[in-house]
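For reference, the structure discussed in these notes is given below.
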Amino acid sequence: MLEVKNLKKSFEGRNILRGIDISVEKGDVIAVIGPSGAGKTTLLRCMNYLEKADEGTMIFGSETYNMPKIQKKDILAIRKRTAFVFQNYNLFSNKTALKNITEGLIIGRKIPKDTAVATAVKMLEKVGLAGYEDYYPVQLSGGQQQRCSIARAVLTEPELLLADEPTGNLDSKSTTEIMELFKRLNEEKGLTILQVTHSSETAEYGKRIIRLANGKVAG
């Protein structure tokens, strides 16, 4: 489904990624684990072009991309095939849970408003937020905000979900709920997930584990 070869990235002369090679198969649930500074978040951000790689190739389906020299149209195409879940939820504070989810569908995907709303309501129910449509982020717990963020990502029907420590700010109960939600989405929708975590317990939800150390795959 997707393969990254020889991915390198440095910041201000410091080598963060030192030639990463990874492959992702359809239906995978992969946990990327490693100590702080290992390059876990940078890996995900380069894959979704939130950061520009210094070197590397990405093969996504039938398309091959030179990562440092990729064209804007190709970045947009990749982002339509992927979705990103952030550790800090990244919700719009001035919009309700429902509007946080529907705005991208209506504006970005040009889906009719009535259709977007109906689809979003069903997804909120699926992630355990039925009845919270009109709540603002400040009225939601951390776990509820993250479920809203996941609902927004999944509704774009990505081929690959990239999740950057999605439980990093949550208590143990909320962490378990989010990981069980990922497991259910993988089983029911076949959603492919690549998740960064610092927790070995959370990593156990993965079907595969990729360990990073000093910017390289350690095993």
Seminar exercise, completed: Selection from the range 152-174 of residues surrounded by fewer than 21 Cβ atoms within 10 Å (Cβ to Cβ) and of a type in the set (S, T, N, Q) yields 156, 169, 172, 174
Problem set entry | Some residue of the range 66-85 being surrounded by 14 or more Cβ atoms within 10 Å (Cβ to Cβ), among the aromatic types (Phe, Trp, Tyr) and within 26 Å of residue 21 (Cα to Cα) | yes
Exercise. Taking the range 114-151 only, how many residues are assigned to a helix (DSSP H, G or I), surrounded by fewer than 21 Cβ atoms within 10 Å (Cβ to Cβ) and of a type in the set (Ser, Thr, Tyr)?
Worked result: 2
Seminar exercise, completed: Within the range 52-83, the count of residues that are hydrophobic (A, V, I, L, M, F, W, C), closer than 29 Å to residue 167 by Cα and without any contact (Cβ under 8 Å) to a residue 40 or more places away in the chain comes to 4
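Within the range 181-192, can you find the residues that are among the hydrophobic types (A, V, I, L, M, F, W, C) and touching a Lys or Arg at 6+ places or on another chain (Cβ under 9 Å)? Please lay out each step first, then the result.
Of the range 181-192, the ones among the hydrophobic types (A, V, I, L, M, F, W, C) are 181-182, 185, 191.
Those that are among the hydrophobic types (A, V, I, L, M, F, W, C) and touching a Lys or Arg at 6+ places or on another chain (Cβ under 9 Å): 181, 185.
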Exercise. Which condition number does residue 13 fail, the rest of (1) surrounded by fewer than 16 Cβ atoms within 10 Å (Cβ to Cβ); (2) within 22 Å of residue 183 (Cβ to Cβ); (3) not charged (D, E, K, R) being met?
Worked result: (2)
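Does residue 165 satisfy the condition of being within 22 Å of residue 21 (Cα to Cα), modelled with pLDDT of 90 or more and in contact with a His (Cβ under 8 Å, 6 or more places away or on another chain)? If you could, list the steps in order and put the result at the bottom.
Numbers: within 22 Å of residue 21 (Cα to Cα): yes; modelled with pLDDT of 90 or more: yes; in contact with a His (Cβ under 8 Å, 6 or more places away or on another chain): yes.
Judged against the criteria, residue 165 is a match.
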Seminar exercise, completed: The condition from (1) assigned to a helix (DSSP H, G or I); (2) free of Cβ contacts under 8 Å to residues at least 40 places away in the same chain that residue 49 misses is numbered (1)
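Examine the range 128-143 for a residue that is under 28 Å from residue 1 (Cα atoms), modelled with pLDDT of 90 or more and of a type outside the set (D, E, K, R), and state whether such a residue exists.
Taking the range 128-143 and keeping what is under 28 Å from residue 1 (Cα atoms), we get none.
Within the range 128-143 (the criterion being under 28 Å from residue 1 (Cα atoms), modelled with pLDDT of 90 or more and of a type outside the set (D, E, K, R)), the answer is no, since none of the residues qualifies.
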Exercise. Looking at this structure, is residue 20 hydrophobic (A, V, I, L, M, F, W, C), farther than 16 Å from residue 192 by Cα and surrounded by fewer than 20 Cβ atoms within 10 Å (Cβ to Cβ)?
Worked result: no
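May I ask you to verify whether residue 38 is of a type in the set (A, V, I, L, M, F, W, C), modelled with pLDDT under 95 and either surrounded by 15 or more Cβ atoms within 10 Å (Cβ to Cβ) or not in a strand (DSSP E or B) (or both)?
Working: of a type in the set (A, V, I, L, M, F, W, C): yes; modelled with pLDDT under 95: yes; either surrounded by 15 or more Cβ atoms within 10 Å (Cβ to Cβ) or not in a strand (DSSP E or B) (or both): yes.
Here the answer is yes, as residue 38 does meet what is asked.
Is it fair to say residue 57 is at negative phi, of a type in the set (Ser, Thr, Tyr), touching a strand residue (DSSP E or B) at 6+ places or on another chain (Cβ under 6 Å) and assigned to a helix (DSSP H, G or I)? Walk me through how you get there before you give the answer.
Values: at negative phi: yes; of a type in the set (Ser, Thr, Tyr): yes; touching a strand residue (DSSP E or B) at 6+ places or on another chain (Cβ under 6 Å): yes; assigned to a helix (DSSP H, G or I): no.
In short, no.
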Exercise. Does the range 171-203 hold any residues that are among the acidic types (Asp, Glu) and free of Cβ contacts under 8 Å to residues at least 40 places away in the same chain, and which are they?
Worked result: 171, 180, 187, 188, 201
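The values are calculated or read from the model by the stated rules, or taken from the named source; none is laboratory data. Since the model is a prediction, treat every value here as computed from it, not as a measurement. Because the Cβ atoms are built from the backbone with ideal geometry, glycine has one as well, and the counts that use them run over all protein chains shown.
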